[in-house]
Structures are given as C-alpha cells and as structure tokens.
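Here's a structure for you.
The values are calculated or read from the model by the stated rules, or taken from the named source; none is laboratory data. Remember, predicted model here, so these are calculated numbers, not experimental data. Every residue, glycine among them, receives a Cβ derived from its backbone with ideal geometry; neighbour counts consider all protein chains shown.
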Amino acid sequence: MNIQIANIIENRSVSDQYFELVFDYSNFDSEPQPGMFFTVKIDGAFGPVLRRPFAFSGWNPKQGTASALIEKRGNGTHWLAGLASGDTLDILGPLGKAFSFPQRGVRPLLVAGGIGLGPMLFFANVLLARSNQGLCEAPLLIAGFRTQSLIPKLDFPAGTLFCTDDGSTGFKGTVLDCILSLSDALPKVIYACGPSPMLAALARYASSLALPYEASVEQWMACGIGACMGCAVPMTDGTYQRACADGPVFNGLTVDWEKLV
Amino acid sequence: MNIQIANIIENRSVSDQYFELVFDYSNFDSEPQPGMFFTVKIDGAFGPVLRRPFAFSGWNPKQGTASALIEKRGNGTHWLAGLASGDTLDILGPLGKAFSFPQRGVRPLLVAGGIGLGPMLFFANVLLARSNQGLCEAPLLIAGFRTQSLIPKLDFPAGTLFCTDDGSTGFKGTVLDCILSLSDALPKVIYACGPSPMLAALARYASSLALPYEASVEQWMACGIGACMGCAVPMTDGTYQRACADGPVFNGLTVDWEKLV
Amino acid sequence: MNLTVTIGSLTMKNPVGAASGTFGYGSEYEKLIDVHELGALYTKAVTPEPRGGNPVPRLAETPSGMLNSIGLANPGLSYFISNKLPELQRMGCSVIVNVAGKTQEDYCKVVETLETQTGIHGYEINISCPNVSHGGLAFGTDPGIVEKLTAQLRSIIEQGAAMRKDSCRPLIIKLSPNVTDITEIARAAEAGGAHAVSAINTLVGMVIDVKKRKPVLAMKTGGLSGPAIRPVGVAAVYKIRRAISIPVIGLGGITCTDDALQYLLAGADAIQIGTVLFSNPNAAHEIIQGIWQYMETYKINSVADIKNLLE
Amino acid sequence: MNLTVTIGSLTMKNPVGAASGTFGYGSEYEKLIDVHELGALYTKAVTPEPRGGNPVPRLAETPSGMLNSIGLANPGLSYFISNKLPELQRMGCSVIVNVAGKTQEDYCKVVETLETQTGIHGYEINISCPNVSHGGLAFGTDPGIVEKLTAQLRSIIEQGAAMRKDSCRPLIIKLSPNVTDITEIARAAEAGGAHAVSAINTLVGMVIDVKKRKPVLAMKTGGLSGPAIRPVGVAAVYKIRRAISIPVIGLGGITCTDDALQYLLAGADAIQIGTVLFSNPNAAHEIIQGIWQYMETYKINSVADIKNLLE
Ligand SMILES: Cc1cc2nc3c(=O)[nH]c(=O)nc-3n(C[C@H](O)[C@H](O)[C@H](O)COP(=O)(O)OP(=O)(O)OC[C@H]3O[C@@H](n4cnc5c(N)ncnc54)[C@H](O)[C@@H]3O)c2cc1C
Ligand SMILES: Cc1cc2nc3c(=O)[nH]c(=O)nc-3n(C[C@H](O)[C@H](O)[C@H](O)COP(=O)(O)OP(=O)(O)OC[C@H]3O[C@@H](n4cnc5c(N)ncnc54)[C@H](O)[C@@H]3O)c2cc1C
Ligand SMILES: Cc1cc2nc3c(=O)[nH]c(=O)nc-3n(C[C@H](O)[C@H](O)[C@H](O)COP(=O)(O)O)c2cc1C
Ligand SMILES: Cc1cc2nc3c(=O)[nH]c(=O)nc-3n(C[C@H](O)[C@H](O)[C@H](O)COP(=O)(O)O)c2cc1C
Ligand code: FES
Ligand code: FES
C-alpha cells in the first residue's frame, strides 16, 4: 500500500453510465487482488475532502496497468469521467482484504450487481486462469443490471449469465431469481459485489442453504486505511468491523445487513 | 447587463503569467466600454462561492467577441487558464462604469501597471479609433511590468512606452519615473489601471499638478452589481463608494488611497 | 398544489426568500432576474441613522464560503423610507425589513417608525448585532434580552396594527448560531411573542493573509456564510423545529433545490438564499421550480407538509 | 532555527500534530508516512470501557468538510494499555492521549490509570462529550464544570508525577466551538490549571438525504470538520490567545502550510491536522517543511515568534 501520482493510460466510456479507467500501476508496492480497492483524490484545486474508493477490475502485470469500472454518480465520478490518457491521478492502494480462493472441486458462483461488476470480473478472470492451471473449477459469473444499456462493452468469461430488471436482455429478474432458476446444480460457494439489498438477499439465500458466502460491502470511507472507524460495518455479534481494513470483503453470513441500511 | 453561458473562442498564453481569453459576446445586451468588467463563475462542480471579476481588454462587434487579459494568480485564474476554445463560461456583464472620454485637443495619457494593461489597451484602441475620426488626440500608453517576460505578445499602439522594474526592457523604473522623464510635455489628463500603490502614486502626482485623473480600482467583490456593499472604496470625504457599481473607474483624486490599503 | 407559506398574518407566495444583506433593496437585481417571483425579499439591515459601514477590505473568500464585515452599511431610516421603500413597494413580493441597532431603543425606533408606513409585510430582527449597553456581546446570545426585546417589538407592532386598523405584521427573530444552545434563544423569541424565527445568521470567522501577516478583513473577524455553514444551519433548524411551535425560516448555505429541501425536511416552513445569489442570481427561480417538482413527485399539496416526509 | 514547541514540561520536536480520531493510534499510517516526523500524535479518544461506537452510517461529506459521528469508538482503557500503548511508544513522536467520558469520574479514571504507565507525554481532554450527569449538554459548554474537571485532573497528574518522580505531564483541554464565548471556557481551563488548550473541536452539523428523506448519519447530527470550519477555528484561536496566557494549540481545517501559518499567526503555539490526512496523508511532512521555509524567509528563530509577526 502506498500513494502514487499515476498516469492515466486509458479512460473510456463502456456503457451508458459506466467507464473504464486504466492507469499506470508499475510504481505501486504490492499486487492488487480481486476484492481490493484503491482511493482517488478528486480534483486538486477545489475538490471534496474525501477520496473516492473504487474496486480493482483488473490488473495487467506485463503492461504494468490496473483498472477500475466506474459508474457516474456524483461530482467526483463525473470529474473522473472527464479525464483522459495523459492526465494524472493521486491514488492510494491497494487497500483492503481480497476474496479468498474457492476450494478445488467446487464451482464458484460469482454474482455482480450493477457497478459491482468490476471486482467480480477481475475475480472471474483470475479464477479462469487458475482453473486453466487446474487449481480450481471455472467460475460461473452472473451479472445483473437495471437495463441492457448499462451492460459494459467488455470481454466477459464464456458462459456469463446476464440478468436485467426490465428484461431488455438476458434473464428477466434479479440475480437471485436467476440463481434460483439454475436447474442443473445448486451453487456450492457464493462471491458477490453489488448494492446492499442484493447482498442481503444473497445472504438470506446462502444462509438458508448453509453455503459459504463472501460479500464485498460498500460503506462511506474517510481514511480508507483503518484509522478513523468511519466505515464501520455492523456484524451480527453486535460489533463493528472496518470496511476498509477488515473488509471490504466479509463473510456475508456475519454481516448484520439490517443495520447496514 | 445580463448573464450568458458564453463559448470560449480562444484562450491562449500571451506571456509568462498572462493569458488572453476571447469569448462569444454576441448574446449580451449591451456594449462593453473601456473600464467596464465582467464576472465569471469558476468551475461548476466544486468552485469557490465568488465569481471572479475581469476588465474587458477588447471588443470586436463584427466578430461578436470580447476579450480579457488575465494573470494567473490563484486557483480560479489557473482553472480559467486551462480552458480552451469550445469550453463554455458563465459570464455576467458588462458591469461598472467606464472611463470618460478626454476633451478634444488634450492628449490622454494612459498608464497601465501589470495586468492593469487589459482595460488600458482597450481604451487606447478605442481612443485611437476616435482620434482617427478626429474626435480626440491620439493617446500615449505607458505600460509598466516587473520584468520583460511578463509583457504580453500583443499589438500595442505605435509609440507605446514600456517600463520594467528590473530594466530588462524599455525604461528602467516605475511608470511614474517614466512619466517624470517625459521631457517633451507634461500630461494633461491621466487614466490608469494597475496595483493600488501605483494608482496612489499617480494620484499624488496628478493632485500636485491638478490634473484630471481617472483610476480603475480593484476591490474584492461579492455580488458585482451594487447590492452587497462588499466592494467599498473609501473616499476622501469619508464616505464609501461601490467599486462594482459606482466604479471601478473613479475620479482618482477623490479616492482615499491610504485607507484602500 | 400550493407553494404558499403563512407566517402570522402574512402569506408569502412561495417559501423562497432572498436573505438580508445579499440582495440590497432589490433594485440592483431587477435587471437580472424577476424579483417578483420571490416569496419574500429581506432587505439589507435598516438602522436609525445612516451607516457608512466598516473599513475595507470587507470580504474574504474561504473554502465553500466567504466572510463579510459590511458593518450594516445602510442609508438610515429616513432615507430608507423616502427612497428605498417606494422602490420595494413595486417589487411584487413580500417585503420583510431587516432591522438592526446598537441598543434596544434603536430597534424600537426603526420598527415604530416603519409601522407608520405602508408596503412593509414584516420585520426580521437581526439580533446578531453587538449590544453596546451589554458589553458588546450580541443581543442574540442572551435569552433574557431576546425575550424582552421581542416582547417590546411585539407590543409596538400590535399598537401599529391597531392604529392602521390592519393585521399585525409578522415579527421574525433572526437567530445567531454563535451560541451554546440556539433552541434556548428560539424559545425566548417564542416566549416574547415572535411570529417566527429565522436561522441561521453567519458564524464568526477570520482569515489571515500569511504574506501580509494580517487579517484579510479590516475588522479582523467577519461573518461566515455559504455552503460551508449549511450543515450547521440544517442542524440548527432541525433542533429549533423540535423546540418551538412557531414557524422557522431556514437559511445558511443553500445553493440549489436539494439544499433547500434539506432545510424544509429538517422542519423549516420557508427558506432564504444569500451567498448563492452572488454566483447564481437565478437560484431563487431554480429552487422554486425544484420544490414544485419535489412536491409533485411526492404528491404533497402544501410546502408545510414537506417536513412531515422526514422519517 | 528551532522548530520545537514547549507545552508545560513537554518539548515537541515541531508544532505539527495529528489530530485525535483521524490518526487512530498511529500504526495504520506507519505504512504510508514517517510517523516519527510528527511533533505529536493525539490518539483516538480513550474511555474507561471499550466502545463499539455509533450506528452506521457515521460519515457524510459536506462542502469543503465532512461530518462524523464515530461515537468515541475505542477498545477501552485496558486494551489501550496492553495493546496500543506499546505500539505508540515506538512511534518516535510525543504521544498525547485524548481522553473522553460520560462523567467526571470517567475522565479521572482514565488519567489516573494512565499515570501509572510510561510512554505517555501528555493528555488532551475532549470536553465536547455529552455530560450525562448534566442533562447531556457537553462538559465544554459550562465554565464552572470545565474549571472543576480541569482542577481535578491537574491534581491527579501532579500526584502521578510525584509518584513517578517525574515532571508533570501537560494537561491540554480541547475546547468545543459550540459555545457562546469560547474565551470564557478557555479562561476556565486556565484557572483550573490546564497547561494548554487546543481549539477547535468539531461544529455540530447535519446533512439530510432528500431522496431517502432522512438524515445521512444514523445519529442524525455529527461533528463538522475540514476546511469549511477553518475560519471559525482561526477566529477562535485569535480570541483565545488574547484571553489567556497558557499555550494554545490550533486546529480545524488545516490542509497546507499557509493554513497552519494562519493559526500560528493568530497566536497558536502548535497546530494539529485532522481531516486533511484523509486526502493527503503526507500533509504533516509538507507543513513541517513549509513552516521551516517561512521561518527562514522571515528570519525567525523560533516557532513561538511567528505569532509576533502578526501586524
Ligand atoms: C470499497 C468500495 C469499492 C467501490 N468500488 C467501486 C467501483 O468499483 N466502481 C464504482 O463505480 N464505485 C465504487 N464504489 C462506490 C464509489 O466509491 C462511489 O460511487 C463514489 O465515491 C461516488 O463519488 P461521487 O463524488 O461521484 O459521488 P457523490 O455525489 O459524492 O456521492 C454519491 C454517492 O456516492 C457514495 N460515496 C461518495 N463518497 C463516498 C465515500 N468516500 N465512500 C463511500 N461511498 C461514497 C455515497 O453513497 C453517495 O451518496 C466503491 C465504494 C467502496 C466503499
Ligand atoms: C474590477 C476588477 C477588474 C479586474 N480585472 C482584471 C483583469 O482584467 N485581469 C486580471 O488578471 N485580473 C483582474 N482583476 C483581478 C482578478 O479578479 C483576480 O486576480 C482574480 O479574482 C483572482 O482569482 P483567483 O481565484 O485566481 O485567485 P485567489 O487565489 O482566489 O485569490 C488571489 C487574489 O486575487 C484577488 N481576488 C480573488 N477573488 C477576488 C474577487 N472576488 N474580487 C476581487 N479580487 C479578488 C485577491 O486579491 C486574492 O488575494 C480584476 C479585479 C477587479 C475587482
Ligand atoms: C454580504 C452579506 C451581508 C449581510 N448582511 C446582513 C444584514 O444586514 N442583516 C442580517 O440579518 N444578515 C445579513 N447577512 C447574513 C445573511 O442574511 C445570511 O444569514 C447568511 O449569509 C447565511 O446565509 P447564506 O449562507 O445563504 O448566505 C449578510 C450576509 C452577507 C454574505
Ligand atoms: C473521524 C473523526 C474522528 C474524531 N474523533 C475525535 C476524538 O475521538 N476526540 C477528539 O477530541 N476529537 C476528535 N475529532 C475531532 C478532530 O480531532 C478535530 O478537532 C477536528 O476534526 C477539526 O480538525 P480538522 O478540521 O483538521 O479535522 C475527530 C474528527 C474526525 C474527522
Ligand atoms: S475509512 Fe477510516 S477506518 Fe475505514
Ligand atoms: S460587489 Fe456587491 S456592492 Fe459591489
């Protein structure tokens, strides 16, 4: 983990609301793993006081680049969307805990909701590579979106299932509906990133089947490195964990989703 | 006076610290006159709460453009310097009172200090045009700078005298030294824009010779249109006038320069 | 759908007012915007005598805010009546005269005199002024003084109304945030007979120019306004709303519809915009439209119901 | 040239400290910056018992600032002593323990216990906590309570020093800006025997999510920090400096050298940085360098002389 002024290698729109930011990662001190994130300082002169956190969506050690999939939400992400190759970014990373690898012989189910796609795509690609080496089974990625126009124009692993709320493409319904519709086999382990209501629904599902379940949680952050206790995530045992340092990936069965909002 | 979202036609560096901003003026409701100014909103998303005031440095009714010479000082002007043709600006203008025209037969002396050049160049060009029509004498422009590298690469009226504090070009010394060195004839009327100490020195000089003297004064502004009383300029009679609405051009002999800082 | 707001006997056509000191007496803005669209125009403070105001500089910019030390510069009561009031009367919006003074008598004198005039729809009492007969601490910091001043002004306007055979003009006490417990002052104003309170006035602040090695403002400290103080204002209104039952007018750092809605949800009956007018004179228009849309979205009939939407 | 700062018996190597609550107990930042460069590290508040902190969300962003309602989350006194103190002792900078509590006894218990420990260089008493035995208003709003609390803590540390046969650790009272007259509270701290005061803690603020129609923070209000409050902090320090003669430690919205210099010129003997660390962890280093350069430019030998440069 360190801070670098990184060059933007590429910044391009990949769907209606999403863009892919690729930046020089050659000067960072450690490798990003799926589930980890970084924070970006927004707009030098007049920017807001908090950095913005984004999950890694990929890492290319040969080219020395890393990437994130970003949704245009407020001022910060709109500002980011306006940057181009050649601009620089003040980046702090890699931060947080990654997803753990599935056991051999268990087909991992990866579930992404909306912009939660970034880390799941990264994880899917890493698992694919591992499965090619015989280290694990090939993953199944299920990616849900409100509507077709949000689905980014990117390479997805073969067999990826798409769902849309409005049925404009793929399965019509939520990712959970889609999982329930999988006739062939019940999932054995679930990894997910997406909006909290989706993660909570998956937690209920995983819990009902006693499936291992890891979820990457979003919470407002200040320091991003575990010092300020701002990003607390409520646990079922009544304690709080820090999204930035103890997460963002948690055992989804131990998160108190009700209290997380 | 009105507010327009104006297209930037050209924005280019003209010296070490100065740039010339040219923008579409075709939609404004009245003509800018030398000494008048406009205010610009800085950086939509995260900008400061106050607009930035700049004097007009030119107006081209045929092309429907107006311009300003701007010095890079703080965040606002640096942000402005980064804009390019095609970007838009939120502009309020024209504001304030202009210089009055000299009587016929009196050669007007125009004095500019640093970035005070903008309005004086505008005025010089307007007076040149009038003198070509026989409406007044051709003006003499004296422009002072700290050093040569600040002098903008622009067209100056023939006969313009340049002074630099460090003697790197032209007359070595202040604009007042330069005036005092003019052997041919004493000035009959002075118009000036520049740093307050320069304007104050000219006031002492003009007063000692009982010369008419108009000075364009800088003062922090909030509303820019005369409503808030923030831009008060202290007068020798103990009252305050508003730089934005009663000025920025004042009878320089009535300004209380001591109290203006 | 109904955008009107009722404060005492006064009905404002919508909840958006221009804050005192940022809008002059309206005439300057007439060239830029439709002043008659405003729910209310709160004038620059009026004092008994003309005041030139403070030495310069009077302004400083701060992160997401600004400091001002205008010093209640105003042409005085007589000039106000003869020159500004006629202008105000043709603005087409409710005119609330902001009143300031150094002593209790000053406030009374201004209100008493204005009670003989027409075309005034209410008074906003700026109690952030230093109280000379009380060691210079602002009037607004002492609940006892606030209640007494309010009661005295209330009785003056009751008399005025009786004389004019008219309903009593609303008395709005403008609260200072520079106190330990703003609800205590709000309660004092209510107890004294205020028809409403407005909150917040500016926070005390200072900027030092490190190159010149002196405060930027000639008066050293000034009043902090703008988005920087919005969270302080929203918190104040939220607490005041739960402490008193007269209407609350919220202000401080409002720049757009969402900011205005924060105040309305927090419990404000109306709002004012100040500093934003300097960068966006059109803000009132935009916010009025925006509130209308919000009410449509949530199917609310009256602005007063927005506060009930807060969970 | 001398960057050291003296507070009571303590000499800090430079005037730049990391503010309580923004720097944890230092270990997280060790990976990013040279923590030993700091003049002082003010720990996250320590309370007698462990505290999980407030419900979530605990953070909200505001214009040039942020709200937090962490709620004094901390592992409690015993865990602090066994696990955090050893870490702190190897940081290589002065360690000031920030102390909080719900009752006067809480504060006394923490300080009393820590007096038996080594590796602590001073105490900063967070009197912005709600005082349960006093209706929930913060300790720091009542000069009488502040003087009494300060005096009691002073006597505890005097005894501790005697027992340790060591000089007395400095007692720093951290003032809340949410009061009518902060100089009154500063005078009470001085009268009670404080070695220094620090100012300011956060302002009370609130943000409402107009789409969700509820306050963003689970606790509704939170503490406003960051550049937005800097003018309030500078004004407070300027006034406090002229009201008391013990050292003043300035904080609130400092992001860079110029901001720090504003506080030092206003009269602060040292400064702290908080919120800026979230966006720029390297800020302390930059500010220490910057103050050094300023002193060179103005040919000043001691940080303490910067305040004399103010005209
Ligand atoms: C661990 C983590 C990983 C994330 N990964 C991604 C990602 O890969 N792609 C992506 O598009 N988004 C991601 N996000 C969300 C992203 O951080 C926000 O969308 C972004 O900060 C919005 O900034 P803004 O200035 O555009 O919006 P603003 O207008 O400032 O805020 C819009 C919303 O964004 C959220 N937000 C703003 N600031 C923060 C903050 N400091 N911490 C948490 N949430 C905030 C809030 O919910 C807020 O309501 C992630 C968040 C976390 C915590
Ligand atoms: C009537 C008038 C005409 C002007 N004409 C020109 C011009 O033609 N060309 C030019 O380069 N500059 C001109 N200025 C000065 C220009 O407004 C400032 O340089 C600019 O506002 C600085 O903005 P900033 O954000 O870059 O600097 P900041 O970092 O915000 O401030 C730097 C300095 O700029 C000045 N300043 C900042 N904001 C204001 C404000 N609202 N009002 C007045 N001064 C301010 C202050 O002295 C401040 O210390 C004029 C000013 C006035 C009042
Ligand atoms: C330049 C200026 C002048 C002001 N003058 C007055 C005044 O005369 N009387 C008053 O009660 N408030 C005055 N105020 C305070 C505003 O009315 C308002 O309470 C404050 O600015 C907060 O709102 P805002 O953040 O929207 O500006 C003034 C504010 C500014 C910025
Ligand atoms: C996340 C956070 C947690 C804080 N926790 C504490 C605390 O435990 N004790 C305390 O005295 N102050 C605490 N503060 C206040 C800061 O120490 C400081 O007084 C305030 O943030 C103003 O400084 P700044 O603007 O530089 O952040 C906290 C501030 C923040 C932002
Ligand atoms: S953001 Fe500070 S602890 Fe997680
Ligand atoms: S800037 Fe408002 S009166 Fe001049």
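Looking at the range D:199-214, can you tell me whether even one residue there is farther than 22 Å from residue C:225 by Cα, in a strand (DSSP E or B) and at the interface with another protein chain (Cβ under 8 Å from one of its Cβ atoms)?
Checked the range D:199-214: at least one residue is farther than 22 Å from residue C:225 by Cα, in a strand (DSSP E or B) and at the interface with another protein chain (Cβ under 8 Å from one of its Cβ atoms).
Right, here's the next one. Can you confirm whether residue B:213 is within 13 Å of another protein chain (Cβ to nearest Cβ), among the hydroxyl-bearing types (Ser, Thr, Tyr) and in contact with a Gly (Cβ under 8 Å, 6 or more places away or on another chain)?
no
Can you tell me how many residues within the range C:274-310 are within 12 Å of another protein chain (Cβ to nearest Cβ), within 23 Å of residue C:195 (Cβ to Cβ) and of a type outside the set (D, E, K, R)?
Residues in the range C:274-310 being within 12 Å of another protein chain (Cβ to nearest Cβ), within 23 Å of residue C:195 (Cβ to Cβ) and of a type outside the set (D, E, K, R): 4 in total.
Can you go through C:6, C:47, C:22, C:43 and tell me which one is over 26 Å from residue C:106 (Cβ atoms) and not acidic (Asp, Glu)?
So the residue among C:6, C:47, C:22, C:43 that is over 26 Å from residue C:106 (Cβ atoms) and not acidic (Asp, Glu) is C:6.
Looking at the range D:138-173, which of its residues are crowded, with 22+ Cβ neighbours inside 10 Å and not in a helix (DSSP H, G or I)?
If the condition is that a residue be crowded, with 22+ Cβ neighbours inside 10 Å and not in a helix (DSSP H, G or I), then D:169, D:170, D:171, D:172, D:173 are the ones that fit.
On to the next question. Tally time: how many residues in the range D:245-268 are surrounded by fewer than 24 Cβ atoms within 10 Å (Cβ to Cβ) and away from chain C (no Cβ under 14 Å)?
Count: 3.
What are the residue pairs meeting all of these: first residue in the range C:107-128, first residue polar (S, T, N, Q), second residue part of a helix (DSSP H, G or I), Cβ atoms under 7 Å, and 6 or more apart or on different chains?
Pairs that qualify, where the first residue is polar (S, T, N, Q) and the partner is part of a helix (DSSP H, G or I), are C:113/C:77; C:117/C:81; C:117/C:85; C:128/C:140.
Can you tell me how many residues within the range C:35-50 are surrounded by fewer than 19 Cβ atoms within 10 Å (Cβ to Cβ) and either within 12 Å of another protein chain (Cβ to nearest Cβ) or under 22 Å from residue C:253 (Cα atoms) (or both)?
Qualifying residue count, the range C:35-50: 2.
Can you name the residue in the range A:237-261 that is farther than 20 Å from residue A:193 by Cβ and among the hydroxyl-bearing types (Ser, Thr, Tyr) and, of all such residues, is farthest from the chain's Cα centre (by Cα)?
Filtering first and then ranking leaves A:239.
Could I ask something else about it? Could you tell me whether residue D:271 is closer than 30 Å to residue A:4 by Cβ, of a type in the set (A, V, I, L, M), in a strand (DSSP E or B) and more than 16 Å from ligand 2 (Cβ to nearest atom)?
Taking the combined requirement at face value, the residue satisfies it.
Sticking with this structure for a sec: Before we move on, is residue C:183 among the hydroxyl-bearing types (Ser, Thr, Tyr), part of a helix (DSSP H, G or I) and either surrounded by fewer than 15 Cβ atoms within 10 Å (Cβ to Cβ) or within 14 Å of chain D (Cβ to nearest Cβ) (or both)?
Judged against the criteria, residue C:183 is a match.
Would you call residue C:233 away from ligand 4 (no atom under 16 Å from the Cβ), at the interface with chain D (Cβ under 10 Å from one of its Cβ atoms), crowded, with 18+ Cβ neighbours inside 10 Å and not in a helix (DSSP H, G or I)?
No: the conditions fail for residue C:233.
Quick one: would you say residue C:5 is touching a strand residue (DSSP E or B) at 6+ places or on another chain (Cβ under 6 Å), of a type outside the set (Ser, Thr, Tyr), under 30 Å from residue B:258 (Cβ atoms) and in contact (Cβ under 8 Å) with a residue 12 or more places away in the chain?
It is false that residue C:5 is touching a strand residue (DSSP E or B) at 6+ places or on another chain (Cβ under 6 Å), of a type outside the set (Ser, Thr, Tyr), under 30 Å from residue B:258 (Cβ atoms) and in contact (Cβ under 8 Å) with a residue 12 or more places away in the chain.
Please work out which residue is farthest from the chain's Cα centre (by Cα), limiting yourself to the range C:80-118 and to residues that are surrounded by fewer than 14 Cβ atoms within 10 Å (Cβ to Cβ) and closer than 17 Å to residue C:160 by Cα.
C:116
Could you check the range A:1-108 for strands (runs of 3 or more DSSP E) lying wholly inside it with 3 or more residues that are more than 30 Å from residue D:22 (Cβ to Cβ), more than 11 Å from every other protein chain (Cβ to nearest Cβ) and away from ligand 4 (no atom under 16 Å from the Cβ)?
Strands (runs of 3 or more DSSP E) meeting the threshold: A:2-13, A:18-24, A:58-60, A:65-71.
Any residue at all in the range A:52-63 that is more than 24 Å from residue D:255 (Cα to Cα), in contact with a helix residue (DSSP H, G or I) (Cβ under 9 Å, 6 or more places away or on another chain), away from ligand 1 (no atom under 13 Å from the Cβ) and not assigned by TED's automatic domain parsing to the domain that holds residue A:247?
Looking through the range A:52-63, at least one residue is more than 24 Å from residue D:255 (Cα to Cα), in contact with a helix residue (DSSP H, G or I) (Cβ under 9 Å, 6 or more places away or on another chain), away from ligand 1 (no atom under 13 Å from the Cβ) and not assigned by TED's automatic domain parsing to the domain that holds residue A:247.
If residue D:8 satisfies all but one of (1) within 11 Å of chain A (Cβ to nearest Cβ); (2) on the phi > 0 side of the Ramachandran plot, what's the number of the condition it fails?
Result: residue D:8 passes all but (1).
Mind telling me which of the residues D:91, D:163 ends up being touching a helix residue (DSSP H, G or I) at 6+ places or on another chain (Cβ under 7 Å), of a type in the set (A, V, I, L, M, F, W, C) and over 30 Å from residue C:236 (Cβ atoms)?
So the residue among D:91, D:163 that is touching a helix residue (DSSP H, G or I) at 6+ places or on another chain (Cβ under 7 Å), of a type in the set (A, V, I, L, M, F, W, C) and over 30 Å from residue C:236 (Cβ atoms) is D:91.
Something else about it: State yes or no: is residue B:239 free of Cβ contacts under 8 Å to residues at least 40 places away in the same chain and away from chain C (no Cβ under 14 Å)?
No, not satisfied.
Moving on. If we scan the range D:178-201, do we find a residue that is of a type in the set (A, V, I, L, M, F, W, C) and within 16 Å of ligand 3 (Cβ to nearest atom)?
No, there is no match, as no residue in the range D:178-201 is of a type in the set (A, V, I, L, M, F, W, C) and within 16 Å of ligand 3 (Cβ to nearest atom).
For the range D:220-228, indicate whether the set of residues that are assigned to a helix (DSSP H, G or I) and modelled with pLDDT of 95 or more is non-empty.
Yes, because at least one residue in the range D:220-228 is assigned to a helix (DSSP H, G or I) and modelled with pLDDT of 95 or more.
In addition: Just for the range C:55-77: of the residues that are more than 13 Å from residue C:207 (Cβ to Cβ) and within 18 Å of the chain's Cα centre (by Cα), which one is farthest from ligand 5 (Cβ to nearest atom)?
C:74
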